[in-house]
Amino acid sequence: MLNIKDLCVSYGAISALKGISLTVNDGELVTLIGANGAGKTTTLHTISGLLKASSGTIMLDDIDLQKTPAHKIIEYGMAQVPEGRHVFAQMTVLENLYMGAYSISDKKKIEDNIEWVFHHFPRLKERSKQLAGTLSGGEQQMLATGRAIMTNPKIVLMDEPSMGLSPLLVSEIFSIIKELQKSGITILLVEQNAKMALSIADRAYVLENGKISMSGNASELLNDERVKKAYLGA
Amino acid sequence: MSTFMQFITTGLRLGSVYALIALGYTMVYGIIKLINFAHGDFIMVGGYTLFFTIPAFMKLGLPGWAAVFIAIIVCAVVGMLVELLAYRPVRKRGNNLTSLITAIAMSFILENLAQAIPAIGPDPRVPYMLFNNDIKIGSFSISVATLITIVVSAIIMIGLYQFTQKTKIGRAMRCVSEDKQAAVLMGINVNKVIIITFAIGAGLAAVAALMYIAQYPKVTTTMGATLGIYAFVSAVLGGIGSLPGAMLGGIIIGIVQSGTSTYISSSMADTFVYLILIVVLMVKPAGILGKNIGEKV
Ligand SMILES: Nc1ncnc2c1ncn2[C@@H]1O[C@H](COP(=O)(O)OP(=O)(O)O)[C@@H](O)[C@H]1O
Ligand SMILES: [Mg+2]
């Protein structure tokens, strides 16, 4: 579904990605793990068109994403749950969800998606009239995830959904991610919390200083000595 | 009693004009954090358009005020061109300061361009007087122009507020003003939203121009500068970035000016306007209805 080849991205003179390649197949849950500053967010921002690459290709099925304006990408079925959530703080929970459906015209589909989101995040339903800025971190993460679902995606990119959340909330969010996959959505999950990410993912890539240093089945990486040392605190 | 009513209606009338203009400042600021110094000059563009089109409309047997629709279109086009040709390219490469300087430059460019056009020339023009009769209710009389200004402005403001709350493009505007990155992720074409904001703001300036020349029938190339300052002060007073704030700020400035002129001295009006501005900003730096949120990095 998503195919990235030799991607290089730089911020002025600083080169953040030095030629990374990765693939996410239909229906997979793939995780990209790495320490702070490894280039994970840069990768996601480049995929979704917020940043321009200096070289390399990003293909979503047969669509060249680098030739697609950032706001059009959503129409091809790719959504992003950004790092730090980025909910619209001055809008209500419900308004935020409807913004996710901005490029969808099928009213029935929108209502079905709202129902899906409220079913999986009952807390959002209780707070649907509340301003998003007044939600707790975990609730904002749920809202950002729900808002991405509202775009009707076939693939979702998630940037550190566990950031700043209590262990209990992290497992709640991760079980939702797993459920998203079960309902047929392909997922690229970016995480610093390697243990959690590897335990739910099918495959994984390890990003170090803008380069992929390791890749393979998530369960194998979970038992890899180097990964254990560097990311699992063992 | 009648002096009091006069002071209130004059204040509301002035305030409505300021509010209409302040909306333009506040909308653009809300969306790209730019104080559009050229916004006042959109009023001038509207003023001259009306000066030329009102007589033409009347010759065709149409009501003179209907020329405002031409003025709205002309102003909207000028507003969009300013954004497209100057602000957008500068914003892409520069920072907030370069954008601000560009806005100041744009203001001078518009005024100078206007002066250079022979049909406009350096001398003030006197437009056709519209709505120049009065309505009497008992001992109290109010000019039609005043009544129309207040009512039309109120309708426009309510309509605009509803537009931002209820319509798709209005909601997109609120998203862009809150978080551009997240707006893009929702599939919103940010540049399109920005240019629509300029068109609406400049269009409102055209309506303000009609209201203004119905009261002071004089069009000059620098008319936007003074009016623009009062409107800008209104926007800041009410809380720049907030639509209800711009309306409230405009009305307050209008009432204060009218009150000072009526009860103290017209030469003191500006002193009071700026005094109130400073006091409010000392107590509430973000303005009366402004939200004090730190700039996001
Ligand atoms: N806007 C920026 N300007 C300059 N350098 C940046 C910017 N954003 C990120 N970087 C740098 O790029 C590298 C990768 O950052 P990022 O992709 O945010 O890492 P991660 O998400 O893995 O923590 C870091 O060295 C960071 O300092
Ligand atoms: Mg990051």
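The values are calculated or read from the model by the stated rules, or taken from the named source; none is laboratory data. In this text, all values refer to a predicted model and were calculated from it rather than measured experimentally. Virtual Cβ from ideal backbone geometry, glycine too; neighbours counted across all protein chains shown.
What the table below lists for this structure:
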item: Residue, farthest from B:T221 (Cα to Cα), within region B:47-70, restricted to residues that are surrounded by 23 or more Cβ atoms within 10 Å (Cβ to Cβ) and of a type in the set (G, A, S); result: B:A67
item: Filtered residue count, region A:9-61, keeping only those that are touching an Asp or Glu at 6+ places or on another chain (Cβ under 6 Å), more than 16 Å from ligand 2 (Cβ to nearest atom) and among the hydrophobic types (A, V, I, L, M, F, W, C); result: 1
item: Any hit, region B:158-168, residues being surrounded by fewer than 18 Cβ atoms within 10 Å (Cβ to Cβ), more than 11 Å from chain A (Cβ to nearest Cβ) and closer than 26 Å to B:F7 by Cβ; result: yes
item: Helices (runs of 4 or more DSSP H) contained entirely in region B:178-279, each with at least 3 residues that are out of contact with any Phe, Trp or Tyr (no Cβ under 8 Å at 6 or more places or on another chain) and touching a residue at least 60 places away in the same chain (Cβ under 8 Å); result: B:190-215, B:223-238, B:243-259
item: Region A:197-211, subset in a loop (DSSP other than H, G, I, E, B) and among the small types (G, A, S), residue surrounded by the fewest Cβ atoms within 10 Å (Cβ to Cβ); result: A:G210
item: Filtered residues of region A:1-57 (kept if in a strand (DSSP E or B) and of a type in the set (K, R)); result: A:K5, A:K18
item: Residue within region A:11-26 that is within 12 Å of ligand 1 (Cβ to nearest atom), hydrophobic (A, V, I, L, M, F, W, C) and buried (at least 22 other Cβ atoms within 10 Å of the Cβ) present; result: yes
item: Residue among B:I137, B:I142, B:I150, B:I120 that is of a type outside the set (D, E) and modelled with pLDDT of 90 or more; result: B:I150
item: Evaluation of A:Q140 against (1) surrounded by fewer than 19 Cβ atoms within 10 Å (Cβ to Cβ); (2) over 13 Å from the mean Cα position of the chain (by Cα); (3) in contact (Cβ under 8 Å) with a residue 12 or more places away in the chain (one fails), failing number; result: (1)
item: Any hit, region A:72-80, residues being more than 30 Å from A:S136 (Cβ to Cβ), within 13 Å of ligand 1 (Cβ to nearest atom) and touching a strand residue (DSSP E or B) at 6+ places or on another chain (Cβ under 8 Å); result: no
item: 2 or more residues away from ligand 1 (no atom under 16 Å from the Cβ) and within 16 Å of A:N96 (Cβ to Cβ): qualifying helices (runs of 4 or more DSSP H) within region A:121-196; result: A:122-126, A:137-149
item: Hey, A:V156 in contact with an Asp or Glu (Cβ under 6 Å, 6 or more places away or on another chain), under 25 Å from A:G27 (Cα atoms), crowded, with 20+ Cβ neighbours inside 10 Å and at pLDDT 95 or above or not; result: no
item: Cross-chain or 6+ apart pairs with Cβ under 6 Å, region A:32-45 first and more than 9 Å from A:E208 (Cα to Cα), then near ligand 1 (Cβ under 7 Å from one of its atoms) and assigned to a loop (DSSP other than H, G, I, E, B); result: A:T41/A:E83
item: Selected residue (only one of B:M5, B:M44 is surrounded by fewer than 17 Cβ atoms within 10 Å (Cβ to Cβ) and under 30 Å from B:V126 (Cβ atoms)); result: B:M5
item: Positions within region A:27-47 being within 12 Å of ligand 1 (Cβ to nearest atom), touching a strand residue (DSSP E or B) at 6+ places or on another chain (Cβ under 8 Å) and among the polar types (S, T, N, Q), in sequence order; result: A:T41, A:T42, A:T43, A:T46
item: Residues (at the interface with chain A (Cβ under 7 Å from one of its Cβ atoms) and among the polar types (S, T, N, Q)) located in region B:178-194; result: B:Q181, B:N189
item: Candidate set: region A:98-129, residues that are surrounded by 15 or more Cβ atoms within 10 Å (Cβ to Cβ) and over 29 Å from A:Y76 (Cα atoms); chosen: the one farthest from the other protein chains (Cβ to nearest Cβ); result: A:R123
item: Within region A:50-78, considering residues that are crowded, with 17+ Cβ neighbours inside 10 Å and within 7 Å of chain B (Cβ to nearest Cβ), the one farthest from B:K92 (Cα to Cα); result: A:I74
item: Per-region count, region A:212-234, residues in contact (Cβ under 8 Å) with a residue 24 or more places away in the chain and in a loop (DSSP other than H, G, I, E, B); result: 1
item: Failed condition for A:L50, given (1) in contact with a strand residue (DSSP E or B) (Cβ under 8 Å, 6 or more places away or on another chain); (2) more than 9 Å from ligand 1 (Cβ to nearest atom); result: (1)
item: Yes/no for B:L147 being part of a helix (DSSP H, G or I) and touching a strand residue (DSSP E or B) at 6+ places or on another chain (Cβ under 9 Å); result: yes
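Every residue, every condition in (1) surrounded by fewer than 16 Cβ atoms within 10 Å (Cβ to Cβ); (2) more than 23 Å from B:Q165 (Cβ to Cβ), yes or no:
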| position | (1), (2) |
| --- | --- |
| B:G228 | no, yes |
| B:L243 | no, no |
| B:I251 | no, no |
| B:K284 | yes, yes |
| B:L289 | no, no |
